[in-house]
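Take a look at the structure below.
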Amino acid sequence: MIRRKGEKKVMKTNSLKLTKIVLTIALGFALCFAQESPERLAVYAYGSNDVGINKSIGNKLLATMVQSGVYMEIGDPASFQDELARSGKSDLASIIQVAKRYGTDYVCAVNITEVFGTHSISARLIKIASSQVVKTALVDHSLRSLEDLTAVSNELARQLVSHVAAVPTSPPVAIAPFPPVAEAVLAPPPPHPAMVLPPPVAFAAPQQDTVPQLPPPPPPQLELPPEQQPPPPLPPPPLSLAEILAPAPVAALAQKQCAKTYNINELLFKIKENFPIQLKDCSSKLAKDMLTPVSFGGKKLEPKSFMMQCPIDGIKKELPDGFPGVDKVIGSLTNFVQGIMNIAMAGGALDPKKLISAVSSMNVDGLLNEIKSLSNNECVVDEPYNVPAPSVSIAPQVVESGSSEGNNNGAVSFGIRAGINLSHTNAEYDDVYDENSRKYISGSGNYGDIFGMQFGFVLDFPASEMFHVQPGLMYIQKGMDDGKSVTAHYLELPLQISLKLSVFRLGVGPYIGLCVDGGGIFSDLDLGFSTGFGFDIGMFYIGAFYDYGFADMSDVRNFNFYNRTLGFNLGINL
């Protein structure tokens, strides 16, 4: 069948229009599916003693971040929060493990810590696929009302979502129709350059957000004869040796961006060496304060606030100045201390014994791994760290008096002692009339024992790691039983030189006593020699002593009395 030229032109035009429609529909679908879907997010808040505060902040923060359009909720956020709350675990590894089971892309861990009457709320946004903290937020605010909870949640969400462009989803791009390319295709070929060219075909100007148009083809250029063509450009001169050996400008730029690099292994070494010591010192000081009566200067510290601040302030001095991401490091340390506090407060109130036990059994390996994973900065390098040799110093090391290591590091400590004692009197008599034999006799012997009590305090001055000097002031009861009990009351000043081997202590030294009430039998001044031993178990002391009096304490004619005392005491080392 023979078709006319007009029919061929119509068929070709229809085919081009159909192609145009198909391309328009395909481009529309591509733009629709190119829009990124929101990431699935879960939030877990912990740390507050009020479970309602934890849940409220978690729910409000989740709702605020979902409203931003960047994230969407997981299927059952309430079950996710309840499972972690029942487990009592707040470390990142446990949170990430539970989050994986719920199919979330990101999890936000919110730690609530009460400090000095206000709350410090820190949040970390973690990408589950890489287990990396991608964003942190910190707010200090009181939590006394629902308005406070809302304000804190909004501020945390603002800080956490700031790394994503907060631009509303744009409407679908309007696709303008293709220009009538059929006429351009069927247009006659361009005339010879010598001829006058007709004006170009006028297409409609493209509207905003339309498919960009192809630029018009360049006009044809006439080829010049070889003798009229310009000479080719000269090749560049060869590089000199100095230019070849010169450092690349990229390296110089990188050096400017990181004026100083930090070795992550040096930071981890300092934390491993010093943070456990800080925790032990602070927990020991807090336990002593809680166990010491108010009349003896105890119970001055607010337990939770002190324990959350003391070790963190101590370790901050060890962190390098300008270390990138120091807020993340402090956040990890704070969460670690909070975990110890949760163990010590399992029954509600803080238990000093549980606190000491939790600190003694702690393991910082997981903490160090977490800090190392957070330090993903181009200025932080992972290189071997050579531990520096300890410097020799003549000056004594200064340690706070509340330190549990104070007795070994040159610090003066204070101790309280109390106990019971068994005492009697050794008597020497000369030319004393005996009614039974009706003669004057001389001799010596011991009167019967009586029970008494003693309490007071001691100071401990460590002259070295093994030898300590311990002066003290004690109230003690001594006396004898000669058919009836005779009790004398003394104020004693003992001075002991003690040998300390680990927890064992052996002491010896003189004492001087002032008899404040001798019952008409004992005189004023007592001098003697005291020896004893004991055990320093943590902050507690248990021991025994024996006093041997040299001075004659008798106020009775022809009698000399010498005190002999065996005592047992308990104490607290502050």
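For segment 101-110, indicate whether the set of residues that are of a type in the set (Ser, Thr, Tyr) and surrounded by fewer than 17 Cβ atoms within 10 Å (Cβ to Cβ) is non-empty. Break it down into steps so the answer makes sense when it comes.
Taking segment 101-110 first, the residues of a type in the set (Ser, Thr, Tyr) are 102, 104, 106.
Keeping just the survivors that are surrounded by fewer than 17 Cβ atoms within 10 Å (Cβ to Cβ) gives none.
For segment 101-110, residues of a type in the set (Ser, Thr, Tyr) and surrounded by fewer than 17 Cβ atoms within 10 Å (Cβ to Cβ): absent.
Only residues that are assigned to a helix (DSSP H, G or I), in contact (Cβ under 8 Å) with a residue 24 or more places away in the chain and out of contact with any Gly (no Cβ under 9 Å at 6 or more places or on another chain) were counted across segment 72-91, and they come to 3. The residues on offer are Asp524, Asp555, Asp547, and the sole one that is surrounded by fewer than 17 Cβ atoms within 10 Å (Cβ to Cβ) and in contact with a Ser or Thr (Cβ under 7 Å, 6 or more places away or on another chain) is Asp555. In segment 487-570, counting only strands (runs of 3 or more DSSP E) that sit wholly within it, none holds 1 or more residues that are over 17 Å from Ser413 (Cα atoms), among the hydrophobic types (A, V, I, L, M, F, W, C) and in contact with a helix residue (DSSP H, G or I) (Cβ under 9 Å, 6 or more places away or on another chain).
Of the residues making up segment 96-121, those that are part of a helix (DSSP H, G or I) and of a type outside the set (S, T, N, Q) are Ile96, Val98, Ala99, Lys100, Arg101.
Residues are listed down the side, and each one gets a yes or a no for (1) touching a strand residue (DSSP E or B) at 6+ places or on another chain (Cβ under 6 Å); (2) in the same structural domain as Gly507 (by TED's automatic domain parsing); (3) over 12 Å from Arg564 (Cα atoms):
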{"position": "Leu422", "(1), (2), (3)": "yes, yes, no"}
{"position": "Asn426", "(1), (2), (3)": "yes, yes, no"}
{"position": "Ser437", "(1), (2), (3)": "no, yes, yes"}
{"position": "Ser444", "(1), (2), (3)": "yes, yes, yes"}
{"position": "Met453", "(1), (2), (3)": "yes, yes, yes"}
{"position": "Gly456", "(1), (2), (3)": "yes, yes, yes"}
{"position": "Asp460", "(1), (2), (3)": "yes, yes, yes"}
{"position": "Ser464", "(1), (2), (3)": "no, yes, yes"}
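Can you name the condition, by its number, that Ser502 falls short on among (1) over 17 Å from Thr425 (Cα atoms); (2) touching a His at 6+ places or on another chain (Cβ under 9 Å)? Going through (1) over 17 Å from Thr425 (Cα atoms); (2) touching a His at 6+ places or on another chain (Cβ under 9 Å) one by one, Ser502 breaks only (2).
Within segment 292-325, the set of residues being of a type outside the set (S, T, N, Q), at pLDDT 80 or above and not in a loop (DSSP other than H, G, I, E, B) comprises Pro303, Lys304, Phe306, Met307, Met308, Cys310, Pro311, Ile312, Asp313, Gly314, Ile315, Lys316. Checking Val432, Val469, Val458, Val387 one by one, the residue that is β-branched (Val, Ile, Thr), at pLDDT 65 or above and crowded, with 18+ Cβ neighbours inside 10 Å is Val458 and no other. Are any of the residues in segment 458-472 without any contact (Cβ under 8 Å) to a residue 12 or more places away in the chain and under 23 Å from Gly532 (Cα atoms)? Yes, segment 458-472 has at least one match.
Out of the residues in segment 408-420 that are in a strand (DSSP E or B) and small (Gly, Ala, Ser), state the one that is farthest from Thr565 (Cα to Cα). Write out each step before concluding.
First, the residues of segment 408-420 that are in a strand (DSSP E or B): 413-420.
Applying the additional criterion that residues be small (Gly, Ala, Ser) yields 413, 415, 418-419.
Numbers: Ser413: 27, Gly415: 21, Ala418: 15, Gly419: 13 Å.
This residue is Ser413.
Among what's in segment 351-382 and is more than 17 Å from Pro324 (Cα to Cα) and charged (D, E, K, R), pick the residue that is modelled with the highest pLDDT. Per the criteria, the residue is Asp365.
The values are calculated or read from the model by the stated rules, or taken from the named source; none is laboratory data. The model shown is predicted, which means the values in this text are computed figures rather than measured ones. Please note: Cβ atoms are built from the backbone with ideal geometry, for glycine as well, and neighbour counts cover all protein chains shown.
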